[in-house]
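Asks: Input: one structure, supplied below.
What follows is calculated from the coordinates using simple rules that are stated; it is not laboratory data. Given the structure is predicted, the values throughout are model-derived calculations rather than measurements. Glycine also receives a Cβ, built like all others from the backbone with ideal geometry; neighbour counts cover every protein chain displayed.
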Amino acid sequence: MTSLACGSTLSLLLRAANPNNAARSLHLSSNLLPGFSHKLLTASSSSSSSKTVGVRVTRAAAQVAEAVLVDKEDKSRVLRVGVICGGPSAERGISLNSARSVLDHIQGEDLHVSCYYIDSHLNAFAISSAQVYSNTPSDFDFKLESLAQGFQSLSEFAEHLADSVDIVFPVIHGQFGEDGGIQELLENYNVPFVGTGSKECQQAFNKYNASLGLSKYGFVTVPSFLVQGSEVNQDELSEWFASNHLDVNSGKVVVKPTRAGSSIGVTVAYGVSDSLTKANEIISQEIDDGVLVELFLEGGSEFTAIVLDVGQGFDCQPVVLLPTEVELQFQGSGDVREKDAIFNYRRKYLPTQQVAYHTPPRFPIEVIKNIREGASLLFQRLGLRDFARIDGWFLPSSTKSLSSSEDKFGITEFGTVLFTDINLISGMEQTSFLFQQASKVGFSHSNILRSIISRACLRFPELATYSSKSSQFQKNLNSSKLNGTSKGREGFRKVFVLFGGDTSERQVSLMSGTNVWLNLQGFDDLDVTPCLLARSIDHSSNTDSDKKDAGLNSIEVWSLPYSLVLRHTTEEVLDACMEAIEPARAALTSHLRNQVMNELAEGLTKHGWFTGFDIADELPVRYSLKEWIKFAKEVEATVFIAVHGGIGEDGTLQFLLDTEGILYTGPGAMASKTCMDKVATSLALEHLKDKGVLTINKVVKKKEDLLKMPVRQTWNDLISKLQCETLCIKPARDGCSTGVARLCCAEDLAVYAKALDDCLLRIPPNSFSKAHGMIEMPNPPPELLIFEPFVETDEIVLSSKTVSDNTQRLLWKEHSRWVEVTVGVIGKWGSMHSLSPSITVKETGDILSLEEKFQGGTGINLTPPPVSIISFLLRSAMRHWGDVNNVLS
């Protein structure tokens with residue numbers, strides 16, 4: 001046995017005899033390779049102090065969560081930064097993600113971070129870093145009064161900031177964050193802050209006003225019509241349709257709020273009547289009281305560009321990084337009017353194969369030059385500061401051109417460049433555009449964020465001393481990061497973080513691996529390399545049987561440079577690898593990278609706090625799986641396994657590493673093989689029934705049998721065997737809610753069977769008889785399916801005491817007394833420790849969606865769960881895990 005620490009999660013269905021007594025029964029399943037997202041890290045702060053690599057990521061989270069005590073005498077050398085997140089808009093969940101990322105990457109001995117939160121009613125709170133690591137604001141909104149320091153008013157909050165921090169880093173997206181609200185408050189109390197001033201924010205955030213400003217400054221703009229409140233003249237909108245050569249009944253347009261971000265409320269409409277209907281929906285949902293109707297840019301390609309100001313004081317010197325092309329990809333036939341899809345909220349923040357990013361864009365180099373020049377000019381004309389993200393479109397000459405003057409900025413021989421959206425506080429999630437583009441030109445996460453803060457400090461004379469004292473941090477960064485992806489450094493322990501694979505869980509694995517890799521980089525004694533496990537393109541296949549025939553010889557591992565990890569899907573990472581080693585593309589990227597870095601250096605080298613870039617320009621290295629294992633043995637690397645499903649959890653990878661004597665994290669081959677198979681897990685735990693460890697009854701069916709047999713006959717057979725009225729169907733060897741659905745009748749089973757037969761990538765919402773959300777399906781379809789009785793869990797909701805009361809409370813609607821609980825266990829072999837359990841509250845439907853489980857900013861994750869619901873869980877988990885651990889070993 002050469003595995004290191006075991007990290008696992010137990011999923012339990014818990015039924016209480018009454019709300020205050022112990023559980024009557026405990027249904028258990030296990031996952032020996034849990035997702036290492038921030039959700040697990042949140043719960044892990046009380047974990048074992050084991051020094052194995054397996055718990056390093058947990059220790060990293062715990063260290064971040066600890067408050068840094070700032071001695072009054074040392075305030076001159078420590079910059080106190082206040083990070084403010086939340087806000088009243090629907091983007092507050094994304095804002096929390098951004099705050100978490102900022103906290104992860106700027107906290108240090110020379111910089112102390114205090115965290116603050118603005119709720120949906122504009123109440124301000126000082127929160128702990130542990131709350132920042134929550135999944136969504138709903139996780140703690142209902143308990144803020146008891147857990148956080150509240151302020152009586154925004155004025156009191158501003159006065160506190162003036163006394164307690166040196167500079168504020170606002171990461172509120174949307175209203176009150178980008179519309180000038182928080183900026184005006186800080187200006188009124190003379191609190192220094194990062195970013196653009198209030199008046200400039202007000203102008204740029206309103207899409208209609210910004211469009212007028214762009215036109216005034218000589219830029220090509222998208223024709224638009226403003227719908228303000230309920231006062232809209234249908235005849236005027238009809239005239240606008242006609243003037244833009246659109247059919248009043250079917251002309252395709254985009255309808256979007258004037259003041260909202262993250263593509264919230266953005267939709268496609270057809271004709272005047274449909275446009276007004278969708279505009280009224282935006283207004284009635286209180287997303288905004290102003291709505292823009294714009295031309296749908298047929299044949300265009302969307303892009304986004306980060307702008308970084310490298311000037312001094314109030315002198316602006318904007319440099320546009322390498323822009324990113326946003327490519328929508330249409331796969332499967334499950335979505336209605338999919339070809340009219342837009343870059344919406346789901347595509348932005350959930351890892352799916354519906355979108356791909358290309359940095360730099362696949363545009364002619366003259367067009368990229370035009371985008372960079374235009375974004376820089378726009379940054380200056382609009383009076384923006386420190387950094388921003390500017391979005392737009394490129395319409396090739398072959399598409400229908402917009403009627404505009406030839407002297408407008410954006411007209412090129414290859415087509416038209418249009419700027420459409422100004423993002424004053426760009427998203428700062430781990431793989432956001434800010435970090436993607438910054439890493440392409442030599443910035444790590446920490447370096448770009450600290451550079452932005454240091455640049456902002458230059459506007460305030462009282463903060464100038466900080467700039468001269470931060471160079472030591474930059475030097476440390478440079479020495480620790482500028483080294484090859486596959487070269488071990490003397491005196492450092494080599495760690496390979498392996499993620500990806502080819503199962504339906506591969507995107508979640510990428511999220512886990514990225515998080516582990518970034519957290520482990522914070523340890524000075526580790527040399528960490530991210531590695532992608534992927535099926536060889538030469539051996540790619542659409543069926544499980546073909547993949548088995550190909551065997552392990554068809555599996556490759558890519559050793560990745562920093563910038564190529566920051567993607568949303570494994571397919572995108574693999575495409576980026578292939579693109580990176582393509583000579584012409586590599587040459588273009590290198591040329592543009594050098595050009596941007598020279599422009600950056602021209603401004604940054606004038607500042608004492610900047611001592612250089614810390615991410616080298618490297619290419620990915622491609623290995624066969626056998627070659628990679630051999631290399632891991634040669635450099636004495638420890639493998640952190642973050643591969644979900646497939647060979648990462650079925651014992652195959654563990655067996656191969658055991659054979660070569662390579663240390664790795666997680667359980668051994670036999671335990672992995674057992675827990676990967678839901679049926680085998682149930683059988684292995686069957687004899688623990690008398691000790692209170694129960695497993696649910698199951699029926700396993702082959703996909704081919706399910707498709708051949710009459711649906712009604714199959715349904716009747718299943719409900720008879722399982723003695724239930726509704727069923728839960730799930731793949732036998734997949735996780736992450738992939739392919740999991742509630743079936744209430746034979747007709748639902750027929751819909752699911754057809755989705756399997758048609759190889760759908762997703763089942764659209766409300767396809768079954770009972771309402772549900774989007775269901776992501778395994779690709780390729782699973783060969784074995786499990787049917788279980790569907791357990792109706794109690795509803796847990798957040799509610800206000802009264803209509804006028806802003807205070808929220810948690811309500812447990814006790815009907816069945818079943819709740820679903822997840823608890824992590826971690827530690828050395830034979831000495832496991834239980835973490836705080838979690839209850840994730842479903843927002844729609846009966847099954848936790850992929851978003852609710854793994855996408856930051858969605859779902860409600862109660863960690864730990866309220867004592868009123870489940871006070872005995874930790875004792876139960878520890879008692880039962882000892883028995884389970886002995887069985888699985």
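Asks: Rank Phe193, Ser101, Gly86 by how far each Cα sits towards the positive end of the charge dipole of region 74-193 (+1 on Lys, Arg Cβ; -1 on Asp, Glu Cβ) and give me just the farthest.
Replies: Of the candidates, Ser101 comes out farthest on the positive side.
Asks: Note down the magnitude of the dipole of region 148-188 about its Cα centre, charges +1 on Lys and Arg C-beta and -1 on Asp and Glu C-beta and zero elsewhere, to the nearest 20 debye.
Replies: It works out to roughly 120 debye.
Asks: Quick one: length gained pulling Asn188 to Arg381 fully straight, 0.36 nm per residue minus the C-alpha distance?
Replies: Details: separation 193, 0.36 × 193 = 69.48 nm, distance 2.43 nm.
Here the segment from Asn188 to Arg381 would lengthen by 67.1 nm.
Asks: Amide H neighbours of Thr420 under 5 Å, counting only residues 5+ apart in sequence or on other chains, H built in-plane at 1.01 Å?
Replies: Asp391, Gly392, Trp393
Asks: Just want the answer: with Cβ charges of +1 for Lys and Arg and -1 for Asp and Glu, which residue in Ser146, Gln183, Asn209 is farthest toward the dipole's positive end in region 87-232?
Replies: With unit charges placed on the Cβ atoms, the residue in question is Asn209.
Asks: Once phi is turned into θ = phi - 60°, what whole-Hz ³J(HN,Hα) does the Karplus curve with 6.51, -1.76 and 1.60 give for every residue of region 357-369, x standing for Gly and Pro?
Replies: Computed from phi, the couplings for region 357-369 are 10, 10, 10, x, x, 8, 9, x, 4, 5, 5, 4, 4 Hz.
Asks: How long is the gain from Asp525 to Trp829 if the chain were fully straight, where each residue apart is worth 0.36 nm and the alpha carbon distance is subtracted?
Replies: Going from the current span to full extension adds 107.1 nm.
Asks: At R0 = 56 Å, how high is the FRET efficiency between Ala680 and His591 if r is their beta carbon distance? Nearest 0.05 is fine.
Replies: 0.55
Asks: Between Asp289 and Ser238, what FRET efficiency follows from the Cβ-Cβ distance if R0 is 25 Å, with the result rounded to 0.05? Before the final figure, lay out the partial values.
Replies: Numbers: r = 22 Å, r/R0 = 0.89.
My answer for the efficiency is 0.65.
Asks: Right, here's the next one. Per-residue HN-Hα couplings for region 607-616, Karplus 6.51 cos²θ - 1.76 cosθ + 1.60 at θ = phi - 60°, whole Hz, x for Gly and Pro?
Replies: Karplus-based 3J(HN,Hα) across region 607-616 equals 9, x, 7, 9, 10, x, 7, 10, 10, 6 Hz.
Asks: Quick one: putting +1 on the C-beta of Lys and Arg, -1 on the C-beta of Asp and Glu, what dipole do you get for region 74-193 around its Cα centre, in Debye to the nearest 20? Could you put the intermediate results ahead of the total?
Replies: Working: 6 positive and 17 negative charges, 49 e Å.
The calculation lands at about 240 debye.
Asks: What does the charge dipole of region 699-789 about its Cα centre add up to, to the nearest 20 debye, if the Cβ of each Lys and Arg holds +1 and the Cβ of each Asp and Glu holds -1?
Replies: So the dipole magnitude of region 699-789 works out to roughly 60 debye.
Asks: What is the count of Lys pairs in region 699-789 whose alpha carbons sit under 14 Å apart, if the two are 8 or more places apart or on different chains?
Replies: Total qualifying Lys-Lys pairs in region 699-789 comes to 6.
Asks: Now a separate question. Scan around His833 for amide H atoms under 5 Å from its own, H built in the peptide plane at 1.01 Å from N, and keep only partners 5 or more places away or cross-chain.
Replies: Ile826, Gly827
Asks: For Ser398 paired with Thr465, estimate the spin-label separation in nm (one decimal), with each label point 7 Å from Cα along the Cα-to-Cβ line.
Replies: 6.2
Asks: Also, I was wondering about something else. Report ³J(HN,Hα) in whole Hz for each residue of region 685-693, in order, from the Karplus equation J = 6.51 cos²θ - 1.76 cosθ + 1.60 where θ = phi - 60°; Gly and Pro get x.
Replies: Per residue, the Karplus-derived 3J(HN,Hα) values read 9, 4, 6, 8, 4, 5, 8, x, 9 Hz.
Asks: Sticking with this structure for a sec: Under 5 Å between amide H atoms, partner at least 5 residues away or on a different chain: which partners does Ala388 have, H built in plane at 1.01 Å?
Replies: Val307
Asks: Now for a different question. Taking 0.36 nm per residue of separation and subtracting the Cα-Cα distance, what length does fully extending Phe655 through Met578 add? Could you put the intermediate results ahead of the total?
Replies: Details: separation 77, 0.36 × 77 = 27.72 nm, distance 2.95 nm.
Here the segment from Phe655 to Met578 would lengthen by 24.8 nm.
Asks: According to a simple spin-label model (label point 7 Å from Cα along Cα-to-Cβ), what is the distance in nm between Phe314 and His245?
Replies: In this crude spin-label approximation the distance works out to 4.7 nm.
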